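See structure below.
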Amino acid sequence: MPSLKFKIAREPRELDQIHTLHYRAFVEEIPQHTPNAEERHIDRFHDENVYVVALDGDRVIGSIAIRGARPFSLDSKLPNLDDFLPPGRNFCEIRLLNIAKEHRTGNVLPGLISAVWDYAMTEEYDCALISATVRQLKLYQHLGFVPFGPQVGTEEAPFQPMYLTLEAFQNRAREISSLPPSTRGEVANLLPGPVSIHGDVAAAFNVTPESHRSPQFDEDLRAVKAGLCQLAGMRYVEVLLGSGTLSNDTVGAQLSLHGGHGVVISNGEFGDRLIDQATRARLDFTPLRFGWGEPFDMDAIKRLVDEVDAKWIWNVACETSAGVLNDVVALAEICRERDAKLCLDCVSAFGAVPLDLTGVWLATAASGKALAAYPGLSMVFHNHLITPSDRLPRYLDLGMYARDGVPYTHSSNLVRALRVAVERVDWPERFEEIVTNGVWLRNRLRSAGLDLIGDHATVAPHVVTIQLPDRISSDDAARTLERAGFLLSYASGYLRERNWIQICLMGEVTRDVLPPLIREIQRIMAE
């Protein structure tokens, strides 16, 4: 079944199908509950359940619920439940195993169990409880479950309480989790771009193009600008048809008009790229380089700014190459004290971490990174009024955009998709999720014996750069991971030169893809 995949159910259509599947299993097949006209059964712990599902295309063909909150359903059936359990464990309860009749052979059950345990490990559970139908006791014992206590349920539907420890599961893990990549789920996109796209964003993109002079385009552009400004805490934003490089070249053009000597700071590939762009823009500046992944030395920056009487500073907020965040608040204070302008390349930071852009003169972002939209749009934020200048090439003249809004041909599809990507997200919740996942990922990678770049700086939660040992080629490791269903960044020249690979949490990346990724990396290290 090449379309078979396993995931955490999050979409309303998936949850609706789970209720229907539960009705067929626990009302019609196993008479645990009373029939109803809707032919849907909603579990009493539904709001607390996390559902792992098996999907054949878009159709749910199997599911399991996992829940860590006490009291468990078994607490009501066995008042002395803890007397039967191994002490010192962090328990979860696994319930409602349900596979459509026509799919009860093959990889569906092992895939569900593997995906459930991957999720359980992210929550640091080390023992799982189930109420197993007595018709499948041999199967569960084969998987490592241990029966305990008396049977529960009814005469028509008896169940045996069982538990599974982490150690017992690990004895079976290789057998259970060694499914072919085609059955392990969709390919997990862990690239810095292009990133994985939510279905709503894809649907917004796949509409008939409209004129960039149409009322609908005007509305979409107005709405997306409002959302972006709110996210940035800036008054204005201009949306350009091009990549982040275009937006940074546009900043360089504005700096050429501003004049004065400047400082461009680098601690990695993309800081070096800004130095190159400043050179090509014929700016008068002094470069200041720190080691890749090293934190900025603010005292050294102050000394240089004072020495050259700098009127502006330009640097990246997130140095993607090394996976570190730079202290933009401290830089803004340095500029404020000296009446200098601060320009920030926020292309890889915007949408991944909350940014304090107070005191920033110009800042850039792009659609195809952590905003999780399609590549092709870039943004320049500003708080001051900008007027056109005939000293600049038209396409780099930010004043043309500020005055006319849409001075040149634009893409209605990209703008509409970006609007949906910005409006559909609870951004504080997303920032928190990225931090939680990033901390978990880094801890597991260190436990696997890997060296992480930038660990003594302020690490970026959404970019993890890994230094592989010399005996393992980054090309070989990344290709092995790709065959297992994980796309990582490795092909850029600066990564290959250093034998680095990168894991990025910029797009629609869910926590459940990370444990199997760690497992594959551990296998590569071991082999």
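Values for this structure:
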quantity: Hits in segment 482-510 (condition: within 19 Å of His462 (Cβ to Cβ) and either in contact with a helix residue (DSSP H, G or I) (Cβ under 6 Å, 6 or more places away or on another chain) or assigned to a strand (DSSP E or B) (or both)); calculated: Phe486, Leu487, Leu488, Ser489, Tyr490, Tyr494, Trp500, Ile501, Gln502, Ile503, Cys504, Leu505
quantity: Cross-chain or 6+ apart pairs with Cβ under 9 Å, segment 228-247 first and on the phi > 0 side of the Ramachandran plot and assigned by TED's automatic domain parsing to the domain that holds Leu274, then of a type in the set (S, T, N, Q) and surrounded by fewer than 22 Cβ atoms within 10 Å (Cβ to Cβ); calculated: Gly233/Thr358
quantity: Scan of segment 221-236 for residues that are farther than 19 Å from Asn413 by Cβ and touching a strand residue (DSSP E or B) at 6+ places or on another chain (Cβ under 8 Å), ordered by number; calculated: Cys229, Leu231, Ala232, Met234, Arg235, Tyr236
quantity: Counted residues, segment 454-488 - those being closer than 28 Å to Lys5 by Cα, under 14 Å from the mean Cα position of the chain (by Cα) and buried (at least 21 other Cβ atoms within 10 Å of the Cβ); calculated: 6
quantity: Given (1) touching a residue at least 40 places away in the same chain (Cβ under 8 Å); (2) out of contact with any strand residue (DSSP E or B) (no Cβ under 8 Å at 6 or more places or on another chain), number of the condition Val152 does not satisfy; calculated: (2)
quantity: Members of segment 78-100 that are of a type in the set (A, V, I, L, M) and not in a loop (DSSP other than H, G, I, E, B); calculated: Leu81, Ile94, Leu96, Leu97, Ile99
quantity: Conditions (1) within 31 Å of the chain's Cα centre (by Cα); (2) in a helix (DSSP H, G or I): number failed by Phe381; calculated: (2)
quantity: Any hit, segment 288-298, residues being free of Cβ contacts under 8 Å to residues at least 40 places away in the same chain and either assigned to a helix (DSSP H, G or I) or not assigned by TED's automatic domain parsing to the domain that holds Ala330 (or both); calculated: yes
quantity: Condition broken by Val27, with the remaining ones in (1) assigned to a helix (DSSP H, G or I); (2) closer than 26 Å to Ser114 by Cβ; (3) at pLDDT below 90 satisfied; calculated: (2)
quantity: Identity of the residue in segment 327-347, basic (Lys, Arg) and either without any contact (Cβ under 8 Å) to a residue 40 or more places away in the chain or part of a helix (DSSP H, G or I) (or both), that ends up nearest to Gly193 (Cα to Cα); calculated: Arg336
quantity: Condition check for Asp397: in contact (Cβ under 8 Å) with a residue 24 or more places away in the chain and among the acidic types (Asp, Glu); calculated: yes
quantity: Residue in segment 313-326 that is assigned to a strand (DSSP E or B), modelled with pLDDT of 95 or more, of a type in the set (A, V, I, L, M, F, W, C) and surrounded by fewer than 23 Cβ atoms within 10 Å (Cβ to Cβ) present; calculated: no
quantity: Complete set of residues in segment 69-89 that are closer than 18 Å to Asn49 by Cβ and surrounded by fewer than 16 Cβ atoms within 10 Å (Cβ to Cβ); calculated: Ala69, Arg70, Pro71, Asp75, Ser76
quantity: Matching residues, segment 390-422, being of a type in the set (A, V, I, L, M) and in a helix (DSSP H, G or I); calculated: Leu396, Leu398, Met400, Ala402, Leu414, Val415, Ala417, Leu418, Val420, Ala421, Val422
quantity: Among (1) in a strand (DSSP E or B); (2) in contact (Cβ under 8 Å) with a residue 40 or more places away in the chain, the one test that Val513 misses; calculated: (1)
quantity: Selection from segment 274-310 of residues that are of a type in the set (Lys, Arg) and in contact with a helix residue (DSSP H, G or I) (Cβ under 9 Å, 6 or more places away or on another chain); calculated: Arg280, Arg282, Arg289, Lys302
quantity: Condition check for Arg471: more than 26 Å from Asp512 (Cβ to Cβ) and assigned to a loop (DSSP other than H, G, I, E, B); calculated: yes
quantity: Matching option when the condition is of a type in the set (S, T, N, Q), modelled with pLDDT under 90 and part of a helix (DSSP H, G or I), among Ser182, Ser247, Ser256; calculated: Ser182
quantity: Of all residues making up segment 2-22, the number that are part of a helix (DSSP H, G or I) and crowded, with 20+ Cβ neighbours inside 10 Å; calculated: 4
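Each row is one residue, and each column tells you yes or no for (1) of a type in the set (D, E, K, R); (2) part of a loop (DSSP other than H, G, I, E, B); (3) closer than 30 Å to Val509 by Cα.
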position: Ala65; (1), (2), (3): no, no, yes
position: Arg70; (1), (2), (3): yes, yes, yes
position: Ser76; (1), (2), (3): no, no, no
position: Ala115; (1), (2), (3): no, no, yes
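Residues are listed down the side, and each one gets a yes or a no for (1) touching a residue at least 60 places away in the same chain (Cβ under 8 Å); (2) of a type in the set (A, V, I, L, M, F, W, C); (3) in contact with a Phe, Trp or Tyr (Cβ under 8 Å, 6 or more places away or on another chain):
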site	(1), (2), (3)
Pro71	no, no, no
Leu78	yes, yes, yes
Pro86	yes, no, yes
Arg89	yes, no, no
Thr122	yes, no, yes
Tyr125	no, no, yes
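The values are calculated or read from the model by the stated rules, or taken from the named source; none is laboratory data. Note that this is a predicted model, so its numbers are computed, not measured. Cβ coordinates were reconstructed from backbone atoms using ideal geometry, including for glycine residues, and neighbour counts include every protein chain displayed.
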